[in-house]
Amino acid sequence: MKKIFMTLCFVLLMGVLAACGNADSESSSGDSDGGDESASSGEEKVIKAGIGLNDDHPQYKGLLKFKEIVEEETDGAIKVETYHSGQLGDDRSMTEALQLGSQEVTIPSTAPLANFVSDFSVFDIPFLFPDEQVADEVLDGEVGQELLTKLEDQDLVGLTYWENGFRDLTNSKRAVASVDDFDGLKIRTMENDLHLDAFKALGANPTPMAFTELFTALQQGTVDGQENPYATIYLEKLYEVQEHVSDTHHIYSPFVFLMSKSFYDGLTEDQQTIMKDAAVEAGQEQREMNREANEEYLQSLQDEGMEYTEISDEDREEMVETVQPVIEDYKEKIGEETVDKVYQAIEDAQ
Ligand code: TK8
């Protein structure tokens, strides 16, 4: 009798222990399935965010704003480590690092990004955007957002656009006021075929180069000149190795706020929403800071001794006509549908 009682107690005890065990696994599987959609769920995550420009540039100030928002909104569950001045690499190599999952965020210009998704070269069409307001409307509108979705096939998530700005020519040889003045100038361009062919059409001798190599190349005379917004020319101290600046305003360069798709897909829905909202909010501030900077720094470049040449409407029109064959040639390479949609969006925004 006693033996039967003891057996029953043992069986009952085993049943109770098994039920407790299941309860633990159910509660843990509830967590591990990501059932907790809160922004601060799970183990701490770290975002390595690298850019090519230095820590004085509005791009870095925008990145610090992104960091502030993300760490606040996730209660520290996601930390952002920020790197500038090409510490983690150049636009292309950092974009490749995101594809590999060894870095989580970078913010390249669209020109090198066109090597990953060719449609982005639409923004390299010279003289495409008339001003920043139209650029904002097109980039933040349907066609700009649709382009960002094309990045997913490249293991990248494009969260939003920030602003690099209207690009202006500098060089160490001569004042550039007209098409003829481009003749033979060794101009560094971003790593983008449309940029190369456009400067060849103007008579220059272009060389594609990562931004991280630019200052040394200018200092050593490997190239005579380059083109970037005034804020970059000033804050990267290119006035130390360049004599002349012209307001060519030949291209409006967007930045794309990129995140590694493998990292993004591992976030909860709440965390993904925080990433997007933080990139957009920080981007709005970055655009404002960038515009103020570009206004201010043209005068600063002249104060540092650079000779400023204003391009007349007539000479700019000649530049537009000179690069038109290149634009026609690239419409097919970029994708006729994308080019037509962007031109239509620009017309609608004016
Ligand atoms: C910085 C670059 C730079 C771009 C260039 O990472 O390469 O000239 O304008 O700002 O994206």
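Taken together, the values in this text are just the output of simple stated rules run on the coordinates, not laboratory data. Quick caveat, the model's predicted, so the values are computed rather than measured. Cβ: placed from backbone, ideal geometry, glycine included. Neighbour counts: every protein chain shown.
Taken along the Cα-to-beta-carbon direction at a fixed 7 Å, the label points for ASP131 and GLU71 span 3.8 nm. Each of PHE255, PHE182, PHE263 was scored by other Cβ atoms within 10 Å of its Cβ. Arranged with the fewest first, they read PHE263, PHE182, PHE255.
Note on GLU310 and GLN219: their simple-model spin labels are 3.5 nm apart, each label 7 Å out from Cα toward Cβ. Residue pairs exceeding 23 angstrom between C-alpha atoms, taken from LYS200/LYS333; LYS261/LYS341; LYS150/LYS341; LYS67/LYS341; LYS65/LYS341: LYS261/LYS341; LYS67/LYS341; LYS65/LYS341. Modelled spin labels at GLU288 and THR207, positioned 7 Å past Cα toward Cβ, are 4.1 nm from each other. Look at where the Cα atoms of the stretch 73-99 and of the stretch 205-232 average out, and the two centres are 24 Å apart. Net charge in the neighbourhood of PRO325 (other residues with Cβ under 12 Å of its Cβ; Lys, Arg +1, Asp, Glu -1) is -2. Sorted from longest to shortest, the spans of the Cα atoms of the stretch 279-347 along the three principal axes equal 43, 38, 21 Å. The amide H of VAL80, built 1.01 Å from its N in the peptide plane, has ILE47 as neighbours under 5 Å, considering only residues 5 or more places off or on other chains. The helix-only estimate of mean residue ellipticity at 222 nm for the chain, built from DSSP H runs of length n ≥ 4 each weighted as -39500 (n - 2.57), is -16000 deg cm²/dmol after division by the residue total.
With no solvent and one point on each alpha carbon, what is the Debye value of log10 I(q)/I(0) for the chain at q = 0.11, 0.12 Å⁻¹? Summing over Cα pairs of the chain leads to -0.74, -0.86.
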